[in-house]
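What follows is calculated from the coordinates using simple rules that are stated; it is not laboratory data. Given the structure is predicted, the values throughout are model-derived calculations rather than measurements. Heads up, the Cβs are rebuilt from the backbone with ideal geometry, glycines too, and the neighbour counts pull from every protein chain shown.
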Amino acid sequence: MPEFLGPVKGFGVTFRQMFRKVDTVEYPEEKRPTAPRFHGRHQLNRWPDGLEKCIGCELCAWACPADAIYVEGADNTAAERYSPGERYGAVYQINYLRCILCGLCVEACPTRALTMTNDYEIADDSRENLIWTKEQLLAPLESGMEPPPHPMRLGDSERDYYLLGSGGAPAARGQDDEDDGSEAGQ
């Protein structure tokens with residue numbers, strides 16, 4: 001083939017694409033559904049009584065490769081209880097200017113407090129609006145939930161909450177003491 005026909009051959013791809021049907025999505029009027037395991041905006045979850053699942057352990061911040069998460073833990077008191085554990089996340093921020101939506105923070109969370117939703121519309125004109133605070137990330141209160149701080153309602157200890165979260169039911173008071181070795185003496 002002569003050398004001067006090289007560019008014409010290259011334009012062949014362009015000419016073939018010109019006559020194919022265009023797949024246009026009329027976004028934002030028409031939104032395509034995302035894949036079920038899509039990594040979108042983060043969400044801090046709650047227990048069924050309204051207490052926060054975040055215990056302020058900062059493992060999500062350590063796991064983040066982009067250093068986009070900032071957590072400050074604080075101690076719960078009898079008067080002000082925000083989570084069933086000893087601590088809670090007093091300050092929680094995610095900087096979406098840095099976040100790469102990889103999901104490593106979700107995998108690092110021991111209480112499954114942090115999950116990723118299918119919401120992908122997080123763009124903004126202002127840099128300040130892309131640093132999301134705890135109030136923006138917390139799941140909304142559903143019916144039957146009480147806003148924290150309040151005492152634990154689903155059990156007497158944090159163990160009861162974690163058993164509930166793993167699919168088990170909270171143990172009745174004193175049941176663990178009776179079950180330990182009661183058959184061994186018989």
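Scanning residues 5 or more positions from residue 87 or on other chains, those with amide H under 5 Å from its amide H are 76, with H placed 1.01 Å from N in the peptide plane.
Exposed loop sites are taken as chymotrypsin sites (Phe, Trp or Tyr not before Pro) in a DSSP loop (any state but H, G, I, E or B) with at most 15 other beta carbon atoms within 10 Å; the longest stretch of the chain without one runs 39-119. Toward the positive end of the charge dipole of the chain, with +1 on the Cβ of Lys and Arg and -1 on the Cβ of Asp and Glu, the farthest Cα among 63, 133, 34 is that of 34. Counted by neighbouring Cβ atoms within 10 Å, the residues 157, 143 run from fewest to most as 143, 157.
If R0 equals 45 Å, the separation of the Cβ atoms of residue 158 and residue 14 corresponds to a calculated FRET efficiency of about 0.10. Across the options 113, 85, 74, the greatest Cα extent toward the positive end of the charge dipole of the chain (unit charges at beta carbon of Lys, Arg, Asp, Glu) belongs to 113. With contacts taken as Cα pairs under 8 Å at a separation of at least 6 residues, the range 39-171 carries a relative contact order of 34 percent.
Using the Cβ-Cβ distance between residue 67 and residue 32 with R0 set to 35 Å, the FRET efficiency works out to roughly 0.65. Hey, what angle do you get for helix 6-18 against the long axis of the chain, alpha-carbon based, 0 to 90 degrees rounded to 10? It is inclined by approximately 60 degrees. For the residues 69, 100, 55, a GNM of the chain with alpha-carbon springs under 10 Å puts the largest fluctuation on 100.
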